[in-house]
Amino acid sequence: MKVYATVLLALAVSCALIEAKTFTKCDLAKALANNGIAKTSLPDWICLVQNESAFRTSATNKNKNGSTDYGIFQINNKFWCDSSYGANDCKISCDSLLNDDITDDIKCAKLIFKRHGFNAWYGWKNHCKGKTLPNVNSCF
(Lines give C-alpha, C1' and ligand atoms only; values in the text may rest on other atoms or scores of the structure.)
Protein backbone atom coordinates (compact mmCIF):
# COMPACT_ATOMS: atom_id res chain seq x y z
CA MET A 1 0.00 0.00 0.00
CA LYS A 2 2.87 2.36 0.81
CA VAL A 3 4.44 1.82 -2.61
CA TYR A 4 1.12 2.50 -4.33
CA ALA A 5 0.69 5.79 -2.42
CA THR A 6 4.27 6.81 -3.23
CA VAL A 7 3.74 6.12 -6.94
CA LEU A 8 0.52 8.16 -6.94
CA LEU A 9 2.24 11.03 -5.18
CA ALA A 10 5.15 10.97 -7.65
CA LEU A 11 2.68 10.92 -10.53
CA ALA A 12 0.75 13.89 -9.11
CA VAL A 13 3.97 15.88 -8.63
CA SER A 14 5.18 15.14 -12.16
CA CYS A 15 1.79 16.15 -13.61
CA ALA A 16 1.88 19.42 -11.67
CA LEU A 17 5.37 20.10 -12.97
CA ILE A 18 4.28 19.50 -16.55
CA GLU A 19 1.54 22.12 -16.20
CA ALA A 20 3.88 24.75 -14.72
CA LYS A 21 5.69 27.11 -17.02
CA THR A 22 8.43 29.69 -16.88
CA PHE A 23 7.63 32.42 -19.39
CA THR A 24 10.17 34.39 -21.36
CA LYS A 25 9.84 38.16 -21.27
CA CYS A 26 8.50 38.25 -24.83
CA ASP A 27 6.09 35.33 -24.43
CA LEU A 28 4.62 37.01 -21.37
CA ALA A 29 4.42 40.41 -23.10
CA LYS A 30 2.49 38.83 -25.96
CA ALA A 31 0.15 36.96 -23.60
CA LEU A 32 -0.54 40.14 -21.66
CA ALA A 33 -1.17 42.17 -24.83
CA ASN A 34 -3.48 39.43 -26.17
CA ASN A 35 -5.48 39.65 -22.93
CA GLY A 36 -6.10 43.38 -23.01
CA ILE A 37 -3.06 44.86 -21.30
CA ALA A 38 -2.05 48.10 -23.05
CA LYS A 39 1.35 47.90 -24.75
CA THR A 40 2.41 51.11 -23.01
CA SER A 41 2.09 49.45 -19.59
CA LEU A 42 3.75 46.15 -20.56
CA PRO A 43 7.17 47.16 -19.17
CA ASP A 44 5.60 47.67 -15.72
CA TRP A 45 3.80 44.32 -15.87
CA ILE A 46 6.95 42.52 -17.03
CA CYS A 47 9.00 44.10 -14.25
CA LEU A 48 6.30 43.19 -11.72
CA VAL A 49 6.24 39.53 -12.78
CA GLN A 50 10.03 39.31 -12.97
CA ASN A 51 10.29 40.48 -9.36
CA GLU A 52 7.26 38.65 -7.95
CA SER A 53 7.62 35.17 -9.47
CA ALA A 54 10.66 35.18 -11.79
CA PHE A 55 8.17 34.43 -14.61
CA ARG A 56 7.18 31.07 -13.00
CA THR A 57 3.51 30.08 -13.02
CA SER A 58 4.05 27.61 -10.17
CA ALA A 59 5.52 30.16 -7.73
CA THR A 60 4.08 30.35 -4.22
CA ASN A 61 5.11 32.37 -1.19
CA LYS A 62 3.95 31.99 2.39
CA ASN A 63 3.65 35.42 4.04
CA LYS A 64 4.31 36.35 7.67
CA ASN A 65 0.58 36.93 8.23
CA GLY A 66 -0.20 33.32 7.24
CA SER A 67 -1.59 34.13 3.81
CA THR A 68 -0.09 32.73 0.61
CA ASP A 69 0.70 34.31 -2.77
CA TYR A 70 0.04 32.21 -5.87
CA GLY A 71 1.23 32.08 -9.45
CA ILE A 72 3.00 34.33 -11.88
CA PHE A 73 1.48 37.52 -10.37
CA GLN A 74 1.72 36.25 -6.77
CA ILE A 75 -1.98 36.79 -6.12
CA ASN A 76 -2.77 36.66 -2.42
CA ASN A 77 -5.36 34.28 -1.02
CA LYS A 78 -6.55 36.65 1.70
CA PHE A 79 -8.76 38.60 -0.70
CA TRP A 80 -8.44 37.42 -4.27
CA CYS A 81 -8.69 33.64 -4.58
CA ASP A 82 -10.59 30.80 -2.94
CA SER A 83 -9.15 30.19 0.51
CA SER A 84 -9.98 29.70 4.17
CA TYR A 85 -10.10 33.50 4.58
CA GLY A 86 -13.48 33.54 2.88
CA ALA A 87 -12.79 36.35 0.41
CA ASN A 88 -12.55 35.45 -3.26
CA ASP A 89 -12.94 38.69 -5.19
CA CYS A 90 -11.56 37.16 -8.40
CA LYS A 91 -13.92 34.18 -8.03
CA ILE A 92 -11.09 31.77 -8.76
CA SER A 93 -9.40 28.80 -7.14
CA CYS A 94 -5.93 29.63 -5.83
CA ASP A 95 -4.67 26.35 -7.33
CA SER A 96 -5.81 27.45 -10.79
CA LEU A 97 -3.25 30.27 -10.55
CA LEU A 98 -0.43 27.70 -10.58
CA ASN A 99 -0.88 26.19 -14.07
CA ASP A 100 0.51 27.34 -17.41
CA ASP A 101 -2.78 28.89 -18.61
CA ILE A 102 -2.49 32.44 -17.29
CA THR A 103 -5.71 33.78 -18.81
CA ASP A 104 -7.51 33.66 -15.46
CA ASP A 105 -4.42 35.00 -13.67
CA ILE A 106 -4.36 38.03 -15.97
CA LYS A 107 -8.07 38.65 -15.44
CA CYS A 108 -7.55 38.62 -11.67
CA ALA A 109 -4.39 40.78 -11.87
CA LYS A 110 -6.35 43.33 -13.94
CA LEU A 111 -9.02 43.49 -11.21
CA ILE A 112 -6.35 43.99 -8.54
CA PHE A 113 -4.75 46.71 -10.68
CA LYS A 114 -8.10 48.41 -11.26
CA ARG A 115 -8.62 48.69 -7.49
CA HIS A 116 -5.07 49.36 -6.27
CA GLY A 117 -2.75 50.03 -9.21
CA PHE A 118 0.73 48.56 -9.27
CA ASN A 119 1.15 49.51 -5.60
CA ALA A 120 -0.70 46.28 -4.75
CA TRP A 121 2.56 44.42 -5.46
CA TYR A 122 5.68 44.86 -3.32
CA GLY A 123 7.79 43.46 -6.15
CA TRP A 124 6.73 46.41 -8.31
CA LYS A 125 6.96 49.03 -5.53
CA ASN A 126 10.43 47.91 -4.44
CA HIS A 127 12.03 47.09 -7.80
CA CYS A 128 10.13 48.84 -10.62
CA LYS A 129 8.57 52.07 -9.38
CA GLY A 130 10.68 54.97 -10.63
CA LYS A 131 13.32 52.62 -12.05
CA THR A 132 14.39 51.68 -15.56
CA LEU A 133 11.88 49.14 -16.83
CA PRO A 134 12.44 46.21 -19.19
CA ASN A 135 12.19 47.03 -22.89
CA VAL A 136 9.64 44.92 -24.75
CA ASN A 137 9.78 46.66 -28.15
CA SER A 138 11.71 43.78 -29.71
CA CYS A 139 8.93 41.37 -28.68
CA PHE A 140 6.49 42.70 -31.29
Would you kindly state how much longer the chain becomes between Thr103 and Lys129 on full extension, computed as 0.36 nm times their sequence separation minus their alpha carbon distance, in nm to one decimal?
6.9 nm
For the chain, what's the radius of gyration and Dmax over Cα atoms, in angstrom?
16.1, 57
What angle, in degrees between 0 and 90 and rounded to the nearest 10, separates the Cα long axis of helix 103-116 from the longest principal axis of the Cα atoms of the chain?
50 degrees
Whenever you get a sec, compute what percent of the accessible area on the chain sits on carbon and sulfur atoms (1.4 Å probe).
55 percent
If the limit is 25 Å between Cα atoms, which of Lys39/Lys110; Lys39/Lys107; Lys30/Lys125; Lys21/Lys91; Lys39/Lys64 go over it?
Lys39/Lys64
For Cys128, which sequence-distant residues (separation of 5 or more, or a different chain) have an amide H within less than 5 Å of its own amide H, given hydrogens modelled in the peptide plane?
none
Taking only Cα atoms and a 10 Å spring cutoff, compute GNM fluctuations for the chain and point out the largest among Asn63, Asn126, Asn51.
Asn63
So what is the accessible area of the chain per residue, in Å², with the probe set to 1.4 Å?
59 Å²
Helix-only estimate, please: 222 nm mean residue ellipticity of the chain, summing -39500 (n - 2.57) across DSSP H runs of length 4 or more and dividing by its residues, to the nearest 500.
-13500 deg cm²/dmol
Using a Gaussian network model of the chain whose springs link C-alpha atoms within less than 10 Å, name the residue from Ser84, Ser58, Ser67 with the highest mean-square fluctuation.
Ser84
Please find, in a Gaussian network model of the chain (springs between Cα atoms separated by less than 10 Å), the residue of Lys30, Lys78, Lys91 whose mean-square fluctuation is greatest.
Lys91
Using 1/(1 + (r/R0)^6) with R0 = 25 angstrom and r between the beta carbons of Thr40 and Leu111, what's the FRET efficiency to the nearest 0.05?
0.80
List the residues, sorted by chain then number, that are 5 or more residues from Thr68 or on another chain and whose placed amide H is less than 5 Å from its amide H.
Asn63, Asn77, Lys78
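The values are calculated or read from the model by the stated rules, or taken from the named source; none is laboratory data. Source: prediction; values computed, not measured. Using ideal geometry, Cβ is built from the backbone for each residue, glycine included, and neighbour counts are taken over all protein chains shown. Calculation scope for accessible area: heavy atoms of the full protein, side chains included, ligands and nucleic acids excluded. Shrake-Rupley method; radii C 1.70, N 1.55, O 1.52, S 1.80 Å.
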